[in-house]
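The values are calculated or read from the model by the stated rules, or taken from the named source; none is laboratory data. For clarity, every value in this text was computed on a predicted model and none was experimentally measured. Cβ coordinates were reconstructed from backbone atoms using ideal geometry, including for glycine residues, and neighbour counts include every protein chain displayed.
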Amino acid sequence: MSKIDITIIQGTEEIVLKQLSPRLSPSVELHTKVSIISFESDRSPADFQFLKTALSVTDQHVSIKLYQRNWRVCMLAAGINPSLACVMCELAQITPADSVLDPFCGGGTIPISALLYYQARLAIASDISSYSTACVRKNAIAANISPDKLIVIHSDVKDLKLGVTSIDKIITNLPFGIRSGKHVDNERVYSSFANNALKWLKPEGLMVILSQETNLIHHTLSSKFTLVKDLPLFIHGLRPHIFVFRKK
C-alpha cells in the first residue's frame with residue numbers, strides 16, 4: 001500500500017469525487033485538503049488516468065500530469081486546460097444525443113473534450129480570432145476528431161448565425177477582462193452572448209460558463225435563465241466561477 005495524492009482544481013472536489021468514488025472500495029478512507037485528495041492504495045498512479053477532471057496523480061515513485069493531452073498541439077495564453085474543460089463538461093451533463101456550442105472557443109479545448117470524453121453528437125467551435133479557429137483545427141486533427149463531428153466557425157458572437165433552438169448545451173470560457181478583453185468590452189460581449197444564447201438553446205437547455213465577471217454574469221443572464229449552480233474556483237491566483245444556467 002502507498003499513499004496516492006490527486007491534485008485537483010480548488011473548488012472541484014465534488015466533481016472529481018463523483019468520478020473517483022465508484023472506482024474505489026467503500027473501505028478506502030479519503031482525506032481532502034484544499035486541492036489534494038489523498039488515500040492509501042495498492043494501485044499505481046497509472047490506474048487513475050480515467051480522472052479527466054483532476055490535474056495530477058502522484059505516489060512516492062511516479063507523478064502523472066492528467067491535465068496534459070497529446071492532442072493539444074496548439075495552445076493560447078487565455079485558454080483553459082483540459083481538466084477544467086472536463087469539469088465544465090461534467091456539469092453540462094452531456095449525452096450522446098447533444099449538440100454542444102462554444103462561441104468563445106480559443107484553441108478548442110472544450111468542444112474537443114466534449115467529443116472525445118463525453119461522446120457529444122456534434123460540437124460547434126466559434127471564435128472572433130482566425131488564429132484561434134486555425135488552432136482548433138490543428139488540435140482536432142491531432143485528436144483524430146471526425147470532420148463531421150466538429151464545425152469550426154470564424155465569427156464574432158454577435159454575428160454568429162445558428163438555428164433557433166438548435167443547441168442542447170453551451171459550454172464556454174467567457175472573456176475575463178484580465179488575460180483577454182476589457183470590462184467595458186465585456187459588457188457588450190456578454191449582452192450579445194446572452195441574447196443569442198436565449199435563441200440558440202433548446203427549451204431546458206443548459207449553459208455552463210466560466211467567468212470572473214460575476215456581477216456582469218448576473219446582470220446579463222439572471223433575467224433570461226435560471227441559475228442552477230454557482231461554483232467558485234481558485235486557479236493560478238484568479239477566482240473565477242463556473243455558472244450553470246438553464247433556459248427558462
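Of the listed requirements (1) in a helix (DSSP H, G or I); (2) out of contact with any helix residue (DSSP H, G or I) (no Cβ under 6 Å at 6 or more places or on another chain), ALA85 misses just one: (2).
Of everything in region 198-248, what is without any contact (Cβ under 8 Å) to a residue 40 or more places away in the chain and acidic (Asp, Glu)? Give them in sequence order. Matches in region 198-248: GLU213, ASP230.
For GLU213, the conditions (1) under 28 Å from GLN119 (Cα atoms); (2) touching a Phe, Trp or Tyr at 6+ places or on another chain (Cβ under 8 Å); (3) crowded, with 20+ Cβ neighbours inside 10 Å all hold with the exception of (1).
What do you reckon, is ILE235 within 19 Å of ASN81 (Cα to Cα), surrounded by 15 or more Cβ atoms within 10 Å (Cβ to Cβ), at pLDDT below 95 and not acidic (Asp, Glu)? Break it down stepwise before answering.
Values: within 19 Å of ASN81 (Cα to Cα): yes; surrounded by 15 or more Cβ atoms within 10 Å (Cβ to Cβ): yes; at pLDDT below 95: yes; not acidic (Asp, Glu): yes.
Judged against the criteria, ILE235 is a match.
Considering each residue of region 224-243 in turn, none proves to be assigned to a loop (DSSP other than H, G, I, E, B), of a type in the set (Asp, Glu) and not assigned by TED's automatic domain parsing to the domain that holds GLY11.
Taken over region 191-213, the criterion of being farther than 18 Å from ILE80 by Cβ and not in a strand (DSSP E or B) is satisfied by SER191, SER192, ALA194, ASN195, ASN196, ALA197, LEU198, LYS199, TRP200.
Do we find that LEU122 is closer than 24 Å to HIS241 by Cα, touching a helix residue (DSSP H, G or I) at 6+ places or on another chain (Cβ under 9 Å) and not hydroxyl-bearing (Ser, Thr, Tyr) in this structure? Can you show your working first?
On the way: closer than 24 Å to HIS241 by Cα: no; touching a helix residue (DSSP H, G or I) at 6+ places or on another chain (Cβ under 9 Å): yes; not hydroxyl-bearing (Ser, Thr, Tyr): yes.
Spelling it out, it is not the case that LEU122 is closer than 24 Å to HIS241 by Cα, touching a helix residue (DSSP H, G or I) at 6+ places or on another chain (Cβ under 9 Å) and not hydroxyl-bearing (Ser, Thr, Tyr).
If the condition is being farther than 19 Å from LEU233 by Cα, in contact with a Phe, Trp or Tyr (Cβ under 9 Å, 6 or more places away or on another chain) and without any contact (Cβ under 8 Å) to a residue 24 or more places away in the chain, then region 62-82 contributes only ILE64. Filter region 135-150 down to residues that are farther than 10 Å from ALA123 by Cα and of a type in the set (A, V, I, L, M) and give me whichever is surrounded by the most Cβ atoms within 10 Å (Cβ to Cβ). For region 135-150, the residue satisfying everything is VAL136. Residues in region 182-191 that are more than 17 Å from PHE243 (Cβ to Cβ) and modelled with pLDDT under 90: LYS182, HIS183, VAL184, ASP185.
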